[in-house]
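Everything on this sheet refers to the single structure shown next.
A short reminder: the numbers here are calculations on the coordinates, not readings from a lab. Being a predicted model, the structure only gives us computed values, none of them experimental. Here the Cβ positions follow ideal geometry from the backbone for every residue, glycine too, while neighbour counts run over all protein chains shown.
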Amino acid sequence: MSRELTGKVAFVTGGGSGIGEATSIAFADEGASVVIVDFDLAGAERVAATIVSKGGLAQAIKADVSDDASIGDAISQTIAKFGRLDIAVNNAGIGGDMAPTGDQSVSGWRKVMGVNLDGVFYSMRHEIPAMLKSGGGSIINMASILGAVGFANSAGYVTAKHGVVGLTKNAAIEYATQGIRVNAIGPGFINTPLLSALPADSLAGIASLHPMNRLGQSREVADLVVFLASEKASFITGSYYPVDGGYLAR
């Protein structure tokens, strides 16, 4: 193990399960102190306890990414605890209602946009000033394969994830000379709690959409997050990386 993130402080939203959990643990394995942020405090505390049990440093914080003040307070707590911010993974997200665009409710649209797009903006709005004070850093925004293509009956989710990719590119340009790199990741369908409740035949159908004919694993996404957070990715910014078993190649 390289431990190449030793001395770094990482902030992960939606860190209490799925990709966020795998990412938080992967960061800790590489030596980073990790702040695990989730609306589900019990989940965040469970992940933090796992990290601490392995000798790492972690703090769990409850926050609602769709509330600017809530995420701002979480960043303030991070600075108070660890003194700096070097890495941020804006991973929190929800699936939203499934309906054709003409039948999509306004409340369902607003809820998905509030978490999946506004939440990334609010997070970056507080992360960037903190990183500038720390001398720079790396922001990784969790988009989706649906940040590049459409998916029927998912207008809100698809629109939000396209927006995350655009926001990523814009911020990358703005801060490229100030030591902050900003990239986005586009996971395919990953075996997380969001999918685990589906019937077996539905899961098999979703898996078949990928040329590899399987779902991805959270750690497969986390490994790319760790790379983008590290100095090995020092000349990479404004990019969008699918992790999708070939989904977008079709």
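Things to note:
- Shown for Asp86, Asp103, Asp64: other C-beta atoms within 10 Å of each C-beta, ranked fewest to most, produce the order Asp103, Asp64, Asp86.
- The length gained on full extension between Ala49 and Arg3, counted as 0.36 nm times the residue separation minus their Cα-Cα distance, comes to 14.6 nm.
- Which of Asp223, Asp38 has the fewest Cβ neighbours within 10 Å, and the rest in rising order: Asp223, Asp38
- Within segment 109-156, trypsin sites (Lys or Arg not before Pro) in DSSP loop having at most 12 other beta-carbon neighbours inside 10 Å: none
- For trypsin sites (Lys or Arg not before Pro), the sites in segment 1-95 that DSSP calls loop and that have at most 13 other Cβ atoms within 10 Å are Arg3, Lys54.
- Mean residue ellipticity, 222 nm, helices only, the chain: the sum of -39500 (n - 2.57) across DSSP H runs of n ≥ 4, divided by residue count and rounded to 500, is -13500 deg cm²/dmol.
- Measuring nothing but how far apart in sequence close Cα pairs (under 8 Å, 6+ apart) lie, relative to its length, the chain scores a relative contact order of 19 percent.
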